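Peer 1: Take this structure first; my questions come after.
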Amino acid sequence: MTNTLDPAELQTALETVHRAGMPGVFAEVRADDQIWRGAAGVADVATDRPVTADMRHRVGSITKTFTAAAVLQQVDTGEIGLDTPIGHYLPRLVPGERGAAITVRMLINHTSGFAEYLPYAYPSLAAFPALANTTPASLDDNRFTQFHPTELIEMGVSAPPVGTPGGTPGVYSNTNYLLLCQLLESVTGTSAEKYITRAVIERTALRDTELPAGPHINGPHALHYEAWFGMIDPPRDYSVYDMSWVGPAASLISTVADLNRFFGLLLAGEIISRSSLAQMQRTVPVVSFEGKILDYGLGLHRMEVPGHGTYWGHDGSVWGGGAISMTSADGKRQMSIAVNLQRWNKLDSSGRPQPHPIDDALRVFTQLALCA
């Protein structure tokens, strides 16, 4: 792997993502002391306002790495035990046998067996992830709905289990991370949003990163276009949206530069202790929403790039917005990329997403950015 960046090649690859059908895409790639930022396409399809590489953006489940880091800080201080049952801390939310069997670690790595609450909060997505049997109506119905986290947790906890405590493969579920947020509130005496902001975001000087208090994105940003597998045509903007439906499980707003800074510091042992980082990098197989098997640690994905080593990071999506951030194990190579269209693949007759040119273009850019 060479650590020399080719700006023209990276920009061309980014523009190919836009030409493949992505309204707007922007990225930052770091290699040793080199930093490249680029953007292609538009932030608003109606006005042709261009995207820029410094825009703020909803980054979805990348939020989970921030939340996991905050929990592990409390592990470092001795306030939380990774292998302590969650019922010890939150007996009302997780009572009885499950509360005694499911540990904090199982919540962070999605091996708790708790179901995803999303289909229960969004009725028209009740068949999710059986995509062909869903409709996007609930997205509009709940644009300004304010959910209380315990309401969502109860939906997930009371739903039929999707696995046994500690069993693998685990099943990805936002219920786990909303419980972790309640755990943080219980041990710190403040809201998870405030604690994560103080202990992670402000500590690492991420000046353009926040857990939003309202439905709007502050500062320059792109519109977020949701296609829901062709069922919303043309795709609709959901950049204004009340994010209480995920809270500190997936509501973070950030920039590609801030994401690279965060993951660089995290993997360098600057946010949590080296021992907690080692725990974070102990992985298990976890089934994603899309049915893929993730190599998942404590809020981190591991990705092996043949011939180029191990990368750590996370991806995420919300209605209309998505991002990926990956950092090499030695910290020398980083890529963060954000897009403003989600679920662009249409479904075949069996309900499976069909290949799309955007997928290939993103793979090419990622390969170039990580392995030039």
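The values are calculated or read from the model by the stated rules, or taken from the named source; none is laboratory data. All of these numbers come straight from a predicted model, not from anything done at the bench. Virtual Cβ from ideal backbone geometry, glycine too; neighbours counted across all protein chains shown.
Peer 1: So which of Ala39, Ala68 is within 19 Å of the chain's Cα centre (by Cα), under 27 Å from Val246 (Cβ atoms) and either assigned to a loop (DSSP other than H, G, I, E, B) or of a type outside the set (Lys, Arg) (or both)? Before you say what the answer is, go through the steps one by one.
Peer 2: Working: Ala39 fails: within 19 Å of the chain's Cα centre (by Cα).
After applying the criteria, what remains is Ala68.
Peer 1: Could you please give the count of residues in the range 5-36 that are more than 15 Å from Ser325 (Cα to Cα), part of a strand (DSSP E or B) and either touching a strand residue (DSSP E or B) at 6+ places or on another chain (Cβ under 6 Å) or aliphatic (A, V, I, L, M) (or both)? First the steps, then the outcome.
Peer 2: Filtering the range 5-36 for residues more than 15 Å from Ser325 (Cα to Cα) gives 5-24, 32-34.
Checking which are part of a strand (DSSP E or B) leaves us with 24, 34.
Remaining after also requiring either touching a strand residue (DSSP E or B) at 6+ places or on another chain (Cβ under 6 Å) or aliphatic (A, V, I, L, M) (or both): 24.
The number of residues fulfilling the criteria is 1.
Peer 1: Can you say whether Ala43 is crowded, with 20+ Cβ neighbours inside 10 Å, out of contact with any Phe, Trp or Tyr (no Cβ under 7 Å at 6 or more places or on another chain), modelled with pLDDT of 95 or more and farther than 16 Å from Asp258 by Cα, as far as the supplied structure shows? Write out each step before concluding.
Peer 2: Values: crowded, with 20+ Cβ neighbours inside 10 Å: yes; out of contact with any Phe, Trp or Tyr (no Cβ under 7 Å at 6 or more places or on another chain): yes; modelled with pLDDT of 95 or more: yes; farther than 16 Å from Asp258 by Cα: yes.
It is true that Ala43 is crowded, with 20+ Cβ neighbours inside 10 Å, out of contact with any Phe, Trp or Tyr (no Cβ under 7 Å at 6 or more places or on another chain), modelled with pLDDT of 95 or more and farther than 16 Å from Asp258 by Cα.
Peer 1: Let me ask something else about it. Give all pairs with beta carbons closer than 6 Å in which a residue from the range 154-177 that is closer than 15 Å to Gly291 by Cα meets a residue that is crowded, with 19+ Cβ neighbours inside 10 Å and of a type in the set (Phe, Trp, Tyr); count only pairs at least 6 apart in sequence or on separate chains.
Peer 2: What qualifies is Ser173/Phe114.
Conditions (1) modelled with pLDDT of 95 or more; (2) over 22 Å from Lys64 (Cβ atoms), marked per residue:
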| position | (1), (2) |
| --- | --- |
| Thr111 | yes, no |
| Pro119 | no, no |
| Pro123 | no, yes |
| Ala127 | no, yes |
| Leu131 | no, yes |
| Thr134 | no, yes |
| Arg143 | yes, yes |
| Glu154 | yes, no |
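Peer 1: Answer with yes or no whether Thr175 is out of contact with any His (no Cβ under 7 Å at 6 or more places or on another chain), modelled with pLDDT of 95 or more and assigned to a helix (DSSP H, G or I). I'd like the intermediate steps shown before the answer.
Peer 2: On the way: out of contact with any His (no Cβ under 7 Å at 6 or more places or on another chain): yes; modelled with pLDDT of 95 or more: yes; assigned to a helix (DSSP H, G or I): yes.
Yes: the conditions hold for Thr175.
Peer 1: While we're on this one: What are the pairs, 6+ residues apart or on separate chains, where a residue within the range 203-230 that is in contact (Cβ under 8 Å) with a residue 12 or more places away in the chain and more than 16 Å from Arg343 (Cβ to Cβ) has its Cβ under 8 Å from a residue that is surrounded by fewer than 18 Cβ atoms within 10 Å (Cβ to Cβ) and of a type in the set (Phe, Trp, Tyr)?
Peer 2: From the range 203-230, the pairs are Pro215/Phe144.
Okay, residues lined up against (1) farther than 29 Å from Phe128 by Cβ; (2) at pLDDT 95 or above; (3) under 17 Å from the mean Cα position of the chain (by Cα):
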{"site": "Ala249", "(1), (2), (3)": "no, yes, yes"}
{"site": "Ser254", "(1), (2), (3)": "no, yes, yes"}
{"site": "Arg261", "(1), (2), (3)": "yes, yes, yes"}
{"site": "Leu266", "(1), (2), (3)": "yes, yes, yes"}
{"site": "Ser275", "(1), (2), (3)": "yes, yes, no"}
{"site": "Phe289", "(1), (2), (3)": "no, no, yes"}
{"site": "Leu298", "(1), (2), (3)": "no, yes, yes"}
{"site": "Gly321", "(1), (2), (3)": "no, yes, yes"}
{"site": "Ile324", "(1), (2), (3)": "no, yes, yes"}
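Peer 1: Related question: In the range 329-343, how many are surrounded by fewer than 24 Cβ atoms within 10 Å (Cβ to Cβ), under 18 Å from the mean Cα position of the chain (by Cα) and either of a type in the set (Ser, Thr, Tyr) or over 18 Å from Ala13 (Cα atoms) (or both)? Explain how you work it out, then say what you get.
Peer 2: Taking the range 329-343 first, the residues surrounded by fewer than 24 Cβ atoms within 10 Å (Cβ to Cβ) are 329-332, 341-343.
Subsequent filtering for residues that are under 18 Å from the mean Cα position of the chain (by Cα) retains 341-343.
Keeping just the survivors that are either of a type in the set (Ser, Thr, Tyr) or over 18 Å from Ala13 (Cα atoms) (or both) gives 342-343.
Residues that pass the stated criteria total 2.
Peer 1: Also, I was wondering about something else. Quickly run through the range 115-147 and pick out the residues that are in contact with a strand residue (DSSP E or B) (Cβ under 9 Å, 6 or more places away or on another chain), among the aliphatic types (A, V, I, L, M) and in a helix (DSSP H, G or I). Write out each step before concluding.
Peer 2: Initial filter on the range 115-147 (in contact with a strand residue (DSSP E or B) (Cβ under 9 Å, 6 or more places away or on another chain)): 115-116, 131-132, 136, 139-140.
Checking the rest, the ones that are also among the aliphatic types (A, V, I, L, M) come to 115, 131-132, 139.
Leu131, Ala132, Leu139, listed by residue number.
Peer 1: So which of Thr197, Thr190, Thr150 ends up being surrounded by 16 or more Cβ atoms within 10 Å (Cβ to Cβ), touching a Leu at 6+ places or on another chain (Cβ under 9 Å), of a type in the set (Ser, Thr, Tyr) and at negative phi? Steps first, please.
Peer 2: Details: Thr190 fails: surrounded by 16 or more Cβ atoms within 10 Å (Cβ to Cβ); Thr150 fails: surrounded by 16 or more Cβ atoms within 10 Å (Cβ to Cβ).
Thr197 is the lone residue from the list that is surrounded by 16 or more Cβ atoms within 10 Å (Cβ to Cβ), touching a Leu at 6+ places or on another chain (Cβ under 9 Å), of a type in the set (Ser, Thr, Tyr) and at negative phi.
Peer 1: Kindly establish whether Gly156 is touching a His at 6+ places or on another chain (Cβ under 7 Å), farther than 13 Å from Pro248 by Cβ and not polar (S, T, N, Q). Explain how you work it out, then say what you get.
Peer 2: On the way: touching a His at 6+ places or on another chain (Cβ under 7 Å): no; farther than 13 Å from Pro248 by Cβ: yes; not polar (S, T, N, Q): yes.
When the stated conditions are applied, Gly156 does not pass them.
Peer 1: Residues in the range 48-66: is at least one modelled with pLDDT under 95, among the hydroxyl-bearing types (Ser, Thr, Tyr), more than 30 Å from Met106 (Cβ to Cβ) and surrounded by fewer than 23 Cβ atoms within 10 Å (Cβ to Cβ)?
Peer 2: At the first step, the residues of the range 48-66 found to be modelled with pLDDT under 95 are none.
No, there is no match, as no residue in the range 48-66 is modelled with pLDDT under 95, among the hydroxyl-bearing types (Ser, Thr, Tyr), more than 30 Å from Met106 (Cβ to Cβ) and surrounded by fewer than 23 Cβ atoms within 10 Å (Cβ to Cβ).
Peer 1: How many of the residues in the range 42-64 are of a type outside the set (Ser, Thr, Tyr) and either under 19 Å from Asn345 (Cβ atoms) or not in a strand (DSSP E or B) (or both)?
Peer 2: 11
Peer 1: Another question, if that's okay. Select from the range 148-176 the residues that are in contact with a strand residue (DSSP E or B) (Cβ under 8 Å, 6 or more places away or on another chain) and among the hydroxyl-bearing types (Ser, Thr, Tyr) and write down the one among them that is nearest to Ala101 (Cα to Cα). Spell out how you get there, then give the answer.
Peer 2: Kept after step one, since they are in contact with a strand residue (DSSP E or B) (Cβ under 8 Å, 6 or more places away or on another chain), are these residues of the range 148-176: 162-163, 165-166, 168-172.
Now restrict to residues that are among the hydroxyl-bearing types (Ser, Thr, Tyr): 168, 172.
Working: Thr168: 15, Tyr172: 18 Å.
Across the range 148-176, the extreme among qualifying residues is Thr168.
Peer 1: Among (1) at pLDDT below 95; (2) within 26 Å of Ile293 (Cα to Cα); (3) charged (D, E, K, R), where does Asp33 come up short?
Peer 2: Here Asp33 clears every test but (2).
Peer 1: Criterion first (surrounded by fewer than 19 Cβ atoms within 10 Å (Cβ to Cβ) and closer than 17 Å to Lys64 by Cα) does Ser288 satisfy it? Spell out the reasoning first.
Peer 2: Numbers: surrounded by fewer than 19 Cβ atoms within 10 Å (Cβ to Cβ): yes; closer than 17 Å to Lys64 by Cα: yes.
Against the criterion (surrounded by fewer than 19 Cβ atoms within 10 Å (Cβ to Cβ) and closer than 17 Å to Lys64 by Cα), Ser288 qualifies.
Peer 1: Okay, moving on. Looking only at residues in the range 83-98 that are under 27 Å from the mean Cα position of the chain (by Cα) and either more than 22 Å from Gln279 (Cβ to Cβ) or of a type in the set (Asp, Glu) (or both), which one is surrounded by the most Cβ atoms within 10 Å (Cβ to Cβ)? Before you say what the answer is, go through the steps one by one.
Peer 2: If we filter the range 83-98 for residues that are under 27 Å from the mean Cα position of the chain (by Cα), which is where we start, we get 83-87, 89-90, 93-94, 98.
From what is left, the residues that are either more than 22 Å from Gln279 (Cβ to Cβ) or of a type in the set (Asp, Glu) (or both) are 83, 93, 98.
Details: Asp83: 8, Leu93: 19, Arg98: 17.
Filtering first and then ranking leaves Leu93.
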